[in-house]
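Peer 1: Below: one structure in structure tokens.
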Amino acid sequence: MNPKLAAALATILWGFTYIVSSNMLPHNPVFIGAIRALGGGIPLLLFARTMLPREWWWKILVLGTLNAGLFFGLIFVAALRLPGGVAATIQALGPLFTILLAWPLMQVIPTGHKIFSVLLGAVGVSLVVLRGGVQMDMIGVLAGLGAALSVALGGIYVHKWGRPCSLLAFTGWQLVVGGVELAILAVIFQDIPSSVTLVNFAGFVILALFLTALAFALWFRGIEGAGPSAVAPFFLLAPVTAFIMDAVFNDMVPSWLQLGGIVLVLGSLLYGQLVDRRSFRPARHHHKITEAEKQAAKQPEAAE
């Protein structure tokens with residue numbers, strides 16, 4: 001699958017998270033994060049059946065914390081302390097963080113056009129989700145900024161370090177690391193529901209398998225093939241998708257201003273792809289050379 005298409009599909013799937021969480025899950029955010037990560041990661045590991053090389057243990061701990069544990073945890077803090085529109089707008093700054101951090105960490109200098117397209121998209125998101133009279137909570141704002149920074153760093157290091165195993169196993173190990181961290185927090189803060197209904201169970205299955213395992217595998221595929229700066233702007237599709245799902249399932253009629261914001265977001269993505277034709281080197285992989293490849297490598301020497 002085309003890397004950018006994979007990244008776009010991942011962020012669209014993430015946009016369904018809000019409607020599933022608000023209509024099918026209990027109000028225990030840390031517990032939900034733990035189930036989401038573990039429920040998405042464990043099936044991937046059972047399917048892949050791959051252990052990581054010992055030298056990769058500390059790297060997967062860093063990646064799992066940035067992309068799952070810390071990210072999910074801070075997202076939930078922001079969601080609890082901020083209106084949904086404010087939290088979504090802060091998350092829309094994630095692509096900008098990715099572009100700016102890729103400069104010192106990967107020597108990818110951002111163009112003015114690229115930065116402008118991301119800021120344009122963030123304005124579009126704010127038109128879609130922000131409403132008048134919102135109140136700002138500084139802890140919630142800092143948590144939202146931290147979540148955006150966490151997933152930006154995680155994406156950069158996924159591309160910079162490559163992966164030592166299959167994409168499914170690589171995704172699974174990160175989710176399990178983050179899930180274990182969140183499970184410990186859920187026990188410490190006693191954020192565990194007293195009962196789970198069939199609707200809750202169905203919601204957990206959808207959230208874990210489709211909106212986490214599948215979505216993260218697609219996202220890492222996008223980062224691996226196109227680079228974090230190239231796919232980061234697709235994050236803007238998540239809050240727009242969430243808004244559309246809210247309008248469809250909760251009979252919410254969008255205003256002309258909100259429709260204009262959606263057009264602005266889509267226009268910023270199109271503009272960013274048109275003006276930024278830079279190619280990114282694929283992420284490095286640890287690949288074992290097969291006997292056939294060894295023989296093929298020797299043939300030119302034999303010919304000489």
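Peer 1: For the condition surrounded by 13 or more Cβ atoms within 10 Å (Cβ to Cβ), under 20 Å from Ala37 (Cα atoms) and out of contact with any strand residue (DSSP E or B) (no Cβ under 9 Å at 6 or more places or on another chain), what is the one hit in Phe220, Phe235, Phe243?
Peer 2: The conditions single out Phe235.
Peer 1: For Asp251, are the conditions met, namely being farther than 30 Å from Tyr271 by Cβ and modelled with pLDDT under 90?
Peer 2: Taking the combined requirement at face value, the residue satisfies it.
Peer 1: Same structure again: I'd like the residue in the range 107-116 that is part of a helix (DSSP H, G or I) and either in contact with a Phe, Trp or Tyr (Cβ under 9 Å, 6 or more places away or on another chain) or among the basic types (Lys, Arg) (or both) and, out of all such residues, is least open to solvent (accessible area, probe 1.4 Å).
Peer 2: Among those that are part of a helix (DSSP H, G or I) and either in contact with a Phe, Trp or Tyr (Cβ under 9 Å, 6 or more places away or on another chain) or among the basic types (Lys, Arg) (or both), it is Lys114.
Peer 1: Quick test for you: out of Leu105, Leu13, pick the one residue that is touching a Lys or Arg at 6+ places or on another chain (Cβ under 9 Å) and closer than 21 Å to Gly155 by Cβ.
Peer 2: Leu105
Peer 1: Is there a residue being within 24 Å of Phe204 (Cβ to Cβ) and touching an Asp or Glu at 6+ places or on another chain (Cβ under 6 Å) anywhere in the range 45-66?
Peer 2: no
Peer 1: When you check Leu127 against the structure, is it open to solvent by 50 Å² or more (accessible area, probe 1.4 Å), within 20 Å of the chain's Cα centre (by Cα) and hydrophobic (A, V, I, L, M, F, W, C), yes or no?
Peer 2: It is false that Leu127 is open to solvent by 50 Å² or more (accessible area, probe 1.4 Å), within 20 Å of the chain's Cα centre (by Cα) and hydrophobic (A, V, I, L, M, F, W, C).
Peer 1: Would you mind telling me which numbered condition in (1) modelled with pLDDT under 90; (2) open to solvent by 30 Å² or more (accessible area, probe 1.4 Å); (3) more than 18 Å from Phe204 (Cα to Cα); (4) over 16 Å from the mean Cα position of the chain (by Cα) Val86 fails?
Peer 2: Single failed check for Val86: (2).
For (1) open to solvent by less than 40 Å² (accessible area, probe 1.4 Å); (2) at pLDDT below 80; (3) part of a helix (DSSP H, G or I), each residue gets a yes or a no:
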residue: Val30; (1), (2), (3): yes, no, yes
residue: Met51; (1), (2), (3): no, no, no
residue: Trp56; (1), (2), (3): yes, no, yes
residue: Gly64; (1), (2), (3): yes, no, yes
residue: Pro104; (1), (2), (3): no, no, yes
residue: Gly133; (1), (2), (3): no, yes, no
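Peer 1: Then there is this: Can you go through Phe47, Phe97, Phe72, Phe76 and tell me which one is of a type in the set (Phe, Trp, Tyr), in contact (Cβ under 8 Å) with a residue 12 or more places away in the chain and either surrounded by fewer than 18 Cβ atoms within 10 Å (Cβ to Cβ) or not in a helix (DSSP H, G or I) (or both)?
Peer 2: One residue alone meets the criteria, Phe47.
The values are calculated or read from the model by the stated rules, or taken from the named source; none is laboratory data. Predicted model only: the values in this text are computed from it and were never measured. Every residue, glycine as well, gets a Cβ built from its backbone with ideal geometry; the counts of neighbours run over all protein chains shown. These area figures cover heavy atoms from the full protein model, side chains too; ligands, DNA and RNA do not enter into them. Shrake-Rupley method; radii C 1.70, N 1.55, O 1.52, S 1.80 Å.
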